[in-house]
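Trainee: For reference, the structure I am asking about is given below.
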Amino acid sequence: MTETKRLLILGGTGDATALAVKAAEIPGVEVITSLAGRTRQPVVPSENTRIGGFGGVAGLVAYLREQQVDLLMDATHPFADRISLNAAAAAARVGIPRLLLLRPAWERTAGDCWIEVDSHESAARVLPEIAQRIFLTIGRQELAAFAHLCDLWFLMRMIDPPRSDAAVPPGQVLLERGPFSLAEERSLLQRYGIGAIVSKNSGGAATYAKIIAARELAIPVVMIQRPIAPPGDIVATVEDAFAWLQQRLMPCEKI
Ligand code: NAP
């Protein structure tokens, strides 16, 4: 009889959900998905989902030991760098294999007018020089970095509303969950008279239509660059992550 292997997937992305569904089909693999709990109605890949922080590296180490996790797959958002660093440290401490699934960043292409910056604060610094009406597509966590820009107007798109005590820049909040079509994005940019977009370089297809629409309408995009990923095994697609998993599950060949 083969021993059951426990796989912990750190989720919060569409890729993590797809991976959890695919991995759960492997006989002898028990999948647990972990979500940060950032959205009120999260997409939950299965019943075996836990929600909320672990309590730093120490908390994650304790969880991995308590739950007897054999393998750790980090499929979190490219900007969720704290949990990725914690995952790398905790897996090393417990001595289990860890993989980072990191979808490729968007590449600048002909016709794009990107201003690449390294943080939300840097994005806020360049905005007054660029436009007056801004489409802020960074979610709700980092709105405070733009709150002091009282002379600008912001259209702010996010899944859940800002917290009641959050510092929010002047403008309008739009509560929507992607994916968004090109037609929708084009019409939104025109309807609101948007002069610049602020985006994280999240990569992936679900939110790329705004970048195409901006290119078509010659609207500049202030593109926030990704944080540096921790070293270690890294793949770009769900398929490659699945192949990594299958390799780790293969019984050792006897010589
Ligand atoms: P983070 O800065 O990497 O994580 C902060 C803390 O949240 C972690 O230290 C951990 O708490 C907890 N956490 C994060 N992901 C977790 C998971 N999958 N399971 C359990 N706990 C988790 O990430 P963030 O604050 O969530 O987001 C940072 C950036 O990523 C933001 O720009 C956000 O818009 C973007 N983003 C995040 C998600 C997401 O699902 N997290 C989804 C889309 C976009 P403990 O230290 O207590 O363990």
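The values are calculated or read from the model by the stated rules, or taken from the named source; none is laboratory data. The structure displayed is predicted, hence computed values, not measured ones. Here Cβ is always computed from backbone atoms with ideal geometry, including for glycine, and neighbour counts include all displayed protein chains. Just the protein is used for accessible areas: all its heavy atoms, side chains included, with ligands, DNA and RNA removed. Shrake-Rupley method; radii C 1.70, N 1.55, O 1.52, S 1.80 Å.
Trainee: Could you say which residue among I194, I219, I212 is more than 16 Å from the ligand (Cβ to nearest atom), in a helix (DSSP H, G or I) and out of contact with any His (no Cβ under 7 Å at 6 or more places or on another chain)? I'd like the intermediate steps shown before the answer.
Mentor: Numbers: I194 fails: in a helix (DSSP H, G or I); I219 fails: in a helix (DSSP H, G or I).
From the options I194, I219, I212, the qualifying one is I212.
Trainee: Given (1) within 23 Å of L245 (Cα to Cα); (2) out of contact with any Asp or Glu (no Cβ under 9 Å at 6 or more places or on another chain); (3) at pLDDT below 95, identify the lone condition not met by G28.
Mentor: For G28, the exception is condition (2).
Trainee: So, one more: Every residue in the stretch 126-148 that is touching a strand residue (DSSP E or B) at 6+ places or on another chain (Cβ under 8 Å) and either closer than 18 Å to Y192 by Cα or away from the ligand (no atom under 14 Å from the Cβ) (or both), please. Step through it out loud before you land on a result.
Mentor: Step one: filter the stretch 126-148 for residues touching a strand residue (DSSP E or B) at 6+ places or on another chain (Cβ under 8 Å), giving 126-127, 130-140, 143, 146.
V126, L127, I130, A131, Q132, R133, I134, F135, L136, T137, I138, listed by residue number.
Trainee: Could you please find all residues in the stretch 59-105 being free of Cβ contacts under 8 Å to residues at least 60 places away in the same chain and outside any helix (DSSP H, G or I)?
Mentor: Selection gives G95, I96.
Trainee: Checking the structure you have, find out if any residue of the stretch 44-51 is farther than 23 Å from P227 by Cα, open to solvent by 30 Å² or more (accessible area, probe 1.4 Å) and more than 15 Å from the ligand (Cβ to nearest atom).
Mentor: Checked the stretch 44-51: at least one residue is farther than 23 Å from P227 by Cα, open to solvent by 30 Å² or more (accessible area, probe 1.4 Å) and more than 15 Å from the ligand (Cβ to nearest atom).
Trainee: If only one of R93, R98 is within 16 Å of the ligand (Cβ to nearest atom) and either in the same structural domain as A196 (by TED's automatic domain parsing) or surrounded by fewer than 19 Cβ atoms within 10 Å (Cβ to Cβ) (or both), which one is it?
Mentor: Working: R98 fails: either in the same structural domain as A196 (by TED's automatic domain parsing) or surrounded by fewer than 19 Cβ atoms within 10 Å (Cβ to Cβ) (or both).
Being within 16 Å of the ligand (Cβ to nearest atom) and either in the same structural domain as A196 (by TED's automatic domain parsing) or surrounded by fewer than 19 Cβ atoms within 10 Å (Cβ to Cβ) (or both) holds for just one of R93, R98, which is R93.
Trainee: Conditions first: (1) surrounded by 15 or more Cβ atoms within 10 Å (Cβ to Cβ); (2) assigned to a helix (DSSP H, G or I); (3) more than 17 Å from the chain's Cα centre (by Cα). L19 passes all but one, so which condition is the exception?
Mentor: Unmet for L19, out of (1) surrounded by 15 or more Cβ atoms within 10 Å (Cβ to Cβ); (2) assigned to a helix (DSSP H, G or I); (3) more than 17 Å from the chain's Cα centre (by Cα): (3).
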